[in-house]
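Everything on this sheet refers to the single structure shown next.
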Amino acid sequence: MTTHLSTRVLTVDPSAPDPQIIAEAAAVIRAGGLVAFPTETVYGLGANALDEHAVARIFYAKGRPATDPIIAHIADVPHLDVLARDVPQVAYALARRFWPGPLTLVVWRRPVVPANLSAGRATVAVRVPDHLVALALIAAAGVPIAAPSANRFSRPSPTMAAHVLDDLAGRIDLVLDGGPTPVGVESSVVDLTVDPPVLLRPGGVTVGALLELLPGLTFAPRYLTAEDEAAPAPGMLLRHYAPNAPLIVVAGKREAALARIRADVLSAAGASRRVGVLAFDEDAPVLAGLPVQLVMLGSATDPEQVAHRLFAALREIERTGVDLILVRDPGEEGLSLAIRDRLVRAAEGRVIIAEP
Ligand code: TXA
Ligand code: MG
């Protein structure tokens, strides 16, 4: 396998994708190639989900451990039964409510799904993305499309085509540039093969919305370190989304957290360390005048906006070359739970609780 592909970029209108461009991309998929494409959450790195060799290329291009399974993207609900068996009734209810949309269901895998897609597990993760480019690509390819986020392993997920190129130029065949992805954090992943169902990853569909159809849903956020050998659940690696500078999440009441951030900025600056803060808009006045590189996340009261900006903000702040990044804990209300999850992973678990 070569890492010296010339990666083509084709611009596509996210609200009316040109069928000719989609047909070109679909041909690459059918030929076993790799195509990065926008979904409503983040860009995916797509390959024919039924082709073991194409799936193997995804792991190679990303540098992803073979132990971490990949989501199969389908264009409509009936294809769920092509990939999965013994699908519980609640899966169809969830699909009716949330598909197309940022919800991934883990169900029992049929033999047609290559084992490497599921990292050897008896299950398969499936979702219908809510993006016209993704849906058109799947339909034109005529096969389910395997797609993890289109970043190098442990880098922030890509929400723009430029992020994909930063990580994967020369390693994949094609990028469909459909502009920034609307949601900005990845899908919620729910395992329906266990009773009660388990939320494996908080994401674009909130826990509150899921509980309406899955009242027994449990969520045990387990973050495993890279050293944790016998990883029982995939995708729980703590070192995920990591920016190049260490990140620290500062939890606690807002005033206490801001006071702690101010103090840490001043002491780090005193030691000639350059500090960056991922800041909520309403916190900017408190941070004004500090020797700090600010990158704004939007308002803490608008988690949709924060989610939309989050991964781009992580990439932007690391490009400033700071030695340390601080961010205030966004809380866990609604979409903030997914935002916090990504931040804690980016921080490799470094959370400090500011005391008043
Ligand atoms: O929004 C998204 O889900 C994006 C877009 C491209 O669809 N995709 C994405 O893929 O985030 P990835 O590979 O970065 O994350 C997929 C998550 C991982 O945590 C993986 O461990 C989990 O889903 N997963 C996939 N298949 C699974 C399975 N069979 N059992 C348990 N977890 C699974
Ligand atoms: Mg990912």
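The values are calculated or read from the model by the stated rules, or taken from the named source; none is laboratory data. Owing to the predicted nature of the structure, the values given are computational and were not obtained by experimental measurement. Cβ placement follows ideal geometry from the backbone for every residue including glycine, while neighbour counts extend to all protein chains displayed. Please note that ligands, DNA and RNA were not included when accessible areas were found on the heavy atoms of the full protein model with its side chains. Shrake-Rupley method; radii C 1.70, N 1.55, O 1.52, S 1.80 Å.
Condition first: over 21 Å from the mean Cα position of the chain (by Cα) and either open to solvent by 60 Å² or more (accessible area, probe 1.4 Å) or at pLDDT below 95 (or both). Now tell me which residues in the stretch 33-61 satisfy that.
Those that are over 21 Å from the mean Cα position of the chain (by Cα) and either open to solvent by 60 Å² or more (accessible area, probe 1.4 Å) or at pLDDT below 95 (or both): 50, 52, 53.
Taking the conditions exactly as written (of a type in the set (Lys, Arg) and open to solvent by less than 50 Å² (accessible area, probe 1.4 Å)), does residue 30 satisfy them or not?
Against the criterion (of a type in the set (Lys, Arg) and open to solvent by less than 50 Å² (accessible area, probe 1.4 Å)), residue 30 does not qualify.
Open to solvent by 10 Å² or more (accessible area, probe 1.4 Å), closer than 19 Å to residue 41 by Cβ and modelled with pLDDT of 95 or more: does that describe residue 335?
Against the criterion (open to solvent by 10 Å² or more (accessible area, probe 1.4 Å), closer than 19 Å to residue 41 by Cβ and modelled with pLDDT of 95 or more), residue 335 qualifies.
Quick check, is residue 190 crowded, with 24+ Cβ neighbours inside 10 Å, closer than 22 Å to residue 134 by Cβ and in contact with a Phe, Trp or Tyr (Cβ under 9 Å, 6 or more places away or on another chain)?
No; evaluated as a whole, the condition is false for this residue.
Looking at the stretch 114-130, can you tell me whether even one residue there is open to solvent by less than 10 Å² (accessible area, probe 1.4 Å), over 22 Å from residue 84 (Cα atoms), away from ligand 2 (no atom under 16 Å from the Cβ) and of a type in the set (A, V, I, L, M)?
Looking for residues that are open to solvent by less than 10 Å² (accessible area, probe 1.4 Å), over 22 Å from residue 84 (Cα atoms), away from ligand 2 (no atom under 16 Å from the Cβ) and of a type in the set (A, V, I, L, M), one finds none in the stretch 114-130, hence no.
Please give the number of the condition residue 299 fails out of (1) surrounded by 15 or more Cβ atoms within 10 Å (Cβ to Cβ); (2) without any contact (Cβ under 8 Å) to a residue 60 or more places away in the chain; (3) touching a strand residue (DSSP E or B) at 6+ places or on another chain (Cβ under 7 Å).
Status for residue 299: all satisfied but (1).
Considering only the stretch 167-187, how many residues are more than 15 Å from ligand 2 (Cβ to nearest atom) and open to solvent by 30 Å² or more (accessible area, probe 1.4 Å)?
Of the residues in that region, 6 qualify.
Quick one: which of 136, 140, 162 is open to solvent by 10 Å² or more (accessible area, probe 1.4 Å), free of Cβ contacts under 8 Å to residues at least 12 places away in the same chain and more than 12 Å from ligand 1 (Cβ to nearest atom)?
So the residue among 136, 140, 162 that is open to solvent by 10 Å² or more (accessible area, probe 1.4 Å), free of Cβ contacts under 8 Å to residues at least 12 places away in the same chain and more than 12 Å from ligand 1 (Cβ to nearest atom) is 162.
In the stretch 9-108, which helices (runs of 4 or more DSSP H) lie fully inside it and hold 3 or more residues that are within 16 Å of ligand 2 (Cβ to nearest atom) and either over 27 Å from residue 202 (Cα atoms) or touching a residue at least 12 places away in the same chain (Cβ under 8 Å) (or both)?
Passing ranges, in order: 52-62.
Using the structure shown, decide if residue 312 is more than 22 Å from residue 158 (Cα to Cα) and in a helix (DSSP H, G or I).
Against the criterion (more than 22 Å from residue 158 (Cα to Cα) and in a helix (DSSP H, G or I)), residue 312 does not qualify.
Does residue 106 fit the bill of being among the aliphatic types (A, V, I, L, M), within 13 Å of ligand 1 (Cβ to nearest atom) and open to solvent by 10 Å² or more (accessible area, probe 1.4 Å)?
Yes.
Being farther than 25 Å from residue 209 by Cβ and hydrophobic (A, V, I, L, M, F, W, C) is true for just one of 134, 161, 125. Which residue is that?
Selected residue: 161, the only one of 134, 161, 125 that is farther than 25 Å from residue 209 by Cβ and hydrophobic (A, V, I, L, M, F, W, C).
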